[in-house]
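What follows is a short report on a single structure.
Read-outs: derived from the displayed coordinates by stated rules, not from any lab. As the structure is a computational prediction, the values presented were derived from the model and not from experiment. Quick reminder, even Gly has a Cβ in these numbers, built from the backbone with ideal geometry, and neighbours come from all protein chains shown.
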Amino acid sequence: MLLCYGSIFACQDNTVKIRLLNNLDQCLKSGKKHLWFTFLVTNACVALLSGLKELLTLRGAQSLPIDILSMIQSIFKGILAETAISTAQRRAACEGLGLLARVGNDIFTARMARSLLGELITATDLSYTASVALSLGCIHRSAGGMALSTLVTPTVSSLSHLSKSSNSNLQLWSLHALLLTIEAAGLSYVSQVQGTLFLAMDILLLEENGYVDLRQGIGHLINAIVAVLGPELAPGSTFFSRCKVS
């Protein structure tokens, strides 16, 4: 039924799309005080994800006006701001913002990424901060390194800072977001390699960081760096020498 909603949403004209989004937004706002609110959040995430994927399939995304893109962004961010939602729901909303980056044009995507970067600095709730971090990673993965090349450095810097957090959940989500960013950034990331290697080493050397998922995350991060550098990491190269020194 929810997948059907997504298909119907994608096929409507912009006026109907706005009406459907308004209805969904009102349902979420009015349902906050009810016990079934968490189910409503799940339904909203599935419906919107389905709609965005269908839009991409139909290749009609470029015709979406900025007000529709902004409405979808607002709904997903509203979901992330809720304190009672589950981890799966947070991940779904983050993925939704990532898909939105594929639906929108480069200007909208860059504006959305800059907005989220700003929120990383001002956000006080750790769960919301982790969600914003993962959303940034999803956006970079969807948009690719070329579209967001100017934002790679500030994104890597912000995510690296959060990856040093003493909160294990924030640390893991930030590391995964950093991984997604590195994989998408390509050559735009090369100047940040040494800083990320030092970050990985600092995290691993902390005795209290025996958390298996954390160590696996660092391993994935190193693999991503190797994939980005490719031939630049050959024995005798500058990067190879720096890695040995590190």
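Just a few scattered comments:
- Gain upon complete extension [ASP202, ALA84; 0.36 nm per residue less C-alpha separation]: 39.2 nm
- Segment 1-104, dipole about Cα centre (Lys/Arg Cβ +1, Asp/Glu Cβ -1), debye to the nearest 20: 160
- Contour excess over end-to-end distance, with Cα ends at CYS4 and ASP25 and 0.36 nm allotted per residue: 5.7 nm
- Of the cross-linked pairs LYS29/LYS164; LYS32/LYS164; LYS53/LYS164; LYS33/LYS53, those separated by over 32 Å at the C-alpha level are LYS29/LYS164; LYS32/LYS164; LYS53/LYS164.
- A straight chain from PHE39 to HIS220 at 0.36 nm per residue would run longer than the Cα-Cα distance by 61.8 nm.
- Taking θ as phi - 60° and the Karplus parameters 6.51, -1.76 and 1.60, the scalar couplings of segment 214-222 work out to 5, 5, 5, x, 5, x, 4, 5, 5 Hz in sequence order, x denoting glycine and proline.
- Alpha-carbon centroids, segment 152-175 and segment 55-118: separation in whole Å: 21
- In this calculation the C-beta distance from GLN194 to SER115 is compared with R0 = 22 Å, giving a FRET efficiency of 0.15.
- Of the trypsin sites (Lys or Arg not before Pro) found in segment 42-110, those in coil by DSSP whose Cβ has at most 10 other Cβ atoms within 10 Å are ARG59.
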